[in-house]
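Here's the structure, in structure tokens; my notes come after.
The values are calculated or read from the model by the stated rules, or taken from the named source; none is laboratory data. Nothing here was measured: the structure is a model prediction, and the numbers come from that model. Because the Cβ atoms are built from the backbone with ideal geometry, glycine has one as well, and the counts that use them run over all protein chains shown. SASA here: full protein model, heavy atoms, side chains in, ligands and nucleic acids out. Shrake-Rupley method; radii C 1.70, N 1.55, O 1.52, S 1.80 Å.
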Amino acid sequence: MLTLGTADTGGEIERRGLLRIGALVTALTGASAISIAGAPAAEAETSDALAAATYVPKAEKGQAFGVATLDDHAKVPSAQLPDLSATYEVKENAAVGLLFAGLASSSVTACNIVFTGSSTTAGNNATAESRRYVNILTAAIQAAFPAPGGTEAGVVVHTEALWGTPSAAPGVHSYNGAQGGTSSETYMSDTEAERIMSLSPAMVLHMIGSNDYASNLPPTTYKAAVLGRVSKLAALSEKPFVQILVHSYHRFDVTGTYLWSDYGDALRDIAATSENIMFVDLSGFYTAANIPGDDPYGLIDTDLVHQTDSGHRMMADLLTRALRIPPAKMATSAAVPMAVPTVVNSRITSDTFSGPDEADIGGRAADAMLGGATRTWAKDGANQVAVVANAIARGAGPLSNFSVNIPEQTMNMEISFTLTSVPVGDNLLVDIHRQRPTVAGSPDTYRMVVGIGGALSIARRLSGAQTTLATGATAAAQDRVAFRCYKGSLEVRKNGVLVLVATDTAIQTIGHVGISGTTALRTFGLDDLAVDAVT
């Protein structure tokens, strides 16, 4: 126990303490201090008999370790106000202003934002891409900073930051390079850092640390690794940009040697080194929701590591607020905007073609690593498509026509994939609503044609005749390409940007999605294939 003084001086110390508290309240609220003694008493000289026990000597008024005085307006003079800077945040982080400057530029030019990290940022355990926190946050940013004509890319995903040719159209374009299972020492290579900075991003968000905690990596080592990545990006930048360091929730499948807060403190220290770095601590919000604990709201999935859809939603909402993203602007026109189809809770199947090489994709079970359920690849004709180096490639030969398919479930469909190499020799055909089994080798289908060199077009094959419906776009190796059929609208997107569109309703039968080609198609490659229902 701290002893303040004897009985004779205790009242004086207590009274001075109260006066100091009054000065603090006045400084914070602007309210005048209220005296319980008359004015003459307040000006008592030190010779008064009661001064030592009751009043403050005039020599201590307005002095260090003394008490504050009041001016003619019964306010504490500014020179005597307490310094609260060590306790309260008194200014906005400069990074917010820099972020908004970049986002504001999206009305006239491309504004790129990038997400990096491990499986949480990759979106593990979300039931659809649209329910990942990155996608929800991106949608909120795009709604707050809409581009002319709505030309923003969605979220272009590649675990090694190979996003192909970025969109040059005005708008906010989002790129996710997160890799599951990585740590602070492995989540971003120098090459990946260079690819990130080639986008000239306005924002790069880092969320890493969960796997470091699980592997008991010392926080000092963690700090050095993250600082190295932050510094690498800064050194590669040609213009100011914001780096956001996020300390997320405490996983509870393991108990680490170090405190989870130690890793947050490391990020906070890094953020203090530059006004262009923002630190966002989400851990307290999850703690309030009893994570780790009984998780009454079901934010964390049964693996005790990854978030459910609800967890991703919460994380996106918290980050939206932390970044000061305003609500979407209300439309001022009476015109009703066209409904934009979005993939919602609808991943049918997916295939990353991981595992050992396979000579025949026919009969292979799609691994569903990107969501959805396992489906079996069916084939028409001889084997001519193999799984090589975790991607689809042409079989060894002798070559013949080929077709591999997955059953659909609805009329509104999308098939997407990363084109790892463009076709050589003939066209690669990507089908939706493909009739199967084929009728004399000539199925009815809607088709995206990926031509020699990557030329893209939309076609309809009906009753043995193929008709081109749209053309004029090109894809390159490592581009993410999607072919969508939605209520009579046929659309091709490259890296999230709409590049081809046609309208046709001639085929109304749910069939298969698949890929096919002729004997002349010598080589091609694709990876990370996904099949979605669109609502």
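Remarks
- With R₀ fixed at 35 Å, the C-beta to C-beta distance from ALA143 to THR503 puts the FRET efficiency at about 0.85.
- Label sites at SER231 and VAL254, each approximated as a point 7 angstrom past Cα along Cα to Cβ, lie 2.7 nm apart.
- VAL108/ALA365 FRET efficiency (R0 41 Å; Cβ-Cβ; nearest 0.05): 0.30
- Working from the Cα coordinates of region 173-324, the gyration tensor eigenvalues give, after taking √(5λ), semi-axes of 26, 17, 14 Å in decreasing order.
- Accessible area (Å², per residue) of region 152-303, counting only protein heavy atoms and a probe of 1.4 Å: 41 Å²
- Close amide H partners of GLY525, meaning residues 5 or more places away or on another chain with modelled amide H under 5 Å apart, are THR420, SER421.
- Annotation: per residue accessible area for region 409-535 equals 36 Å², rounded to a whole number [probe 1.4 Å, protein chains only].
- Relative contact order [Cα under 8 Å, 6+ residues apart], region 164-247, whole percent: 41 percent
- With N the number of residues in region 441-535, Rg(Cα) / (2.2 N^0.38 Å) evaluates to 1.06.
- Here's how it looks for ARG364: its modeled amide H is under 5 Å from those of TRP377, which are all 5 or more places away or on a different chain.
- Solvent-accessible ranking of ARG324, ARG493, ARG447, largest area first, probe 1.4 Å: ARG324, ARG493, ARG447
- Compared with the direct C-alpha span, the chain from VAL424 to SER261 gains 53.3 nm at full extension, assuming 0.36 nm per residue.
- Sulfur and carbon atoms: percent of accessible area, region 216-312 [1.4 Å]: 54 percent
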